[in-house]
């Protein structure tokens with residue numbers, strides 16, 4: 001059974017972009033959020049083979065270190081023509097300097113090297129919410145689209161090359177509200193993280209708590 005989350009939570013991330021998105025998503029629920037980076041927590045080794053496994057590793061490490069509930073996102077871009085790569089290695093393709101311009105160029109270079117014309121891709125987000133007693137809950141979201149020439153400077157990561165289905169602009173050209181804002185009346189969000197968060201909120205959060 002799902003457990004209600006109230007009070008304070010640790011967002012198990014050192015990524016400023018993810019932190020900003022998660023704080024925006026949590027705002028309607030009166031949850032006080034502090035990040036693993038702000039607390040100086042080390043980043044655990046992400047040894048999982050799936051997004052959900054890596055999210056659980058990060059969430060459990062944060063809750064064990066702080067004694068507070070924690071939630072973590074593990075997400076990435078899966079390119080059909082590259083057999084799902086970079087997938088769980090999306091951040092690693094950018095290297096230690098977070099060179100996502102280089103990572104985006106690598107994707108197109110790999111597609112060209114393979115002679116693949118297919119530009120279909122999707123983003124995946126796995127959100128794991130963990131409590132100090134070992135209880136965990138998993139929520140996943142996906143958004144499908146296609147890869148295009150990089151456009152826009154908003155967002156982060158691979159956003160400039162991803163155009164979601166039904167839209168003529170990339171994530172990099174959208175405002176934060178357009179990308180991950182949620183229509184709470186209809187329970188809809190556009191981004192993979194927003195879609196996973198809608199499911200998490202229905203199970204574990206109370207508006208205005």
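Overview of results
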| read-out | value |
| --- | --- |
| In the range 93-118, the residues that are part of a loop (DSSP other than H, G, I, E, B) and without any contact (Cβ under 8 Å) to a residue 40 or more places away in the chain | 95, 96, 97, 98, 99, 115, 116, 117, 118 |
| Which listed residue, of 39, 19, 5, is in a loop (DSSP other than H, G, I, E, B) and farther than 20 Å from residue 203 by Cβ | 39 |
| Within the range 141-167, considering residues that are in contact with a helix residue (DSSP H, G or I) (Cβ under 8 Å, 6 or more places away or on another chain) and surrounded by fewer than 18 Cβ atoms within 10 Å (Cβ to Cβ), the one nearest to residue 119 (Cα to Cα) | 148 |
| Long-range neighbours under 8 Å by Cβ, at least six apart or interchain, first residue farther than 23 Å from residue 64 by Cα within the range 11-37, second buried (at least 20 other Cβ atoms within 10 Å of the Cβ) and modelled with pLDDT under 85 | 17/155; 21/180; 24/180; 25/180; 25/182 |
| Among (1) over 21 Å from residue 172 (Cα atoms); (2) modelled with pLDDT of 95 or more; (3) assigned to a helix (DSSP H, G or I), the one test that residue 26 misses | (2) |
| Test: residue in the range 74-84 that is surrounded by fewer than 21 Cβ atoms within 10 Å (Cβ to Cβ), without any contact (Cβ under 8 Å) to a residue 12 or more places away in the chain, closer than 24 Å to residue 191 by Cβ and touching a strand residue (DSSP E or B) at 6+ places or on another chain (Cβ under 8 Å) | yes |
| Any hit, the range 70-92, residues being in contact with a helix residue (DSSP H, G or I) (Cβ under 6 Å, 6 or more places away or on another chain) and part of a loop (DSSP other than H, G, I, E, B) | no |
| Residue 56 vs. criteria at pLDDT 90 or above, within 30 Å of residue 117 (Cα to Cα), out of contact with any helix residue (DSSP H, G or I) (no Cβ under 8 Å at 6 or more places or on another chain) and buried (at least 17 other Cβ atoms within 10 Å of the Cβ) | no |
| Residue that is surrounded by the fewest Cβ atoms within 10 Å (Cβ to Cβ), among those in the range 168-209 that are in a loop (DSSP other than H, G, I, E, B), at pLDDT 90 or above and in contact with a helix residue (DSSP H, G or I) (Cβ under 9 Å, 6 or more places away or on another chain) | 169 |
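The values are calculated or read from the model by the stated rules, or taken from the named source; none is laboratory data. Predicted, not measured: the structure shown is a model, and the values here were computed from it. Glycine also receives a Cβ, built like all others from the backbone with ideal geometry; neighbour counts cover every protein chain displayed.
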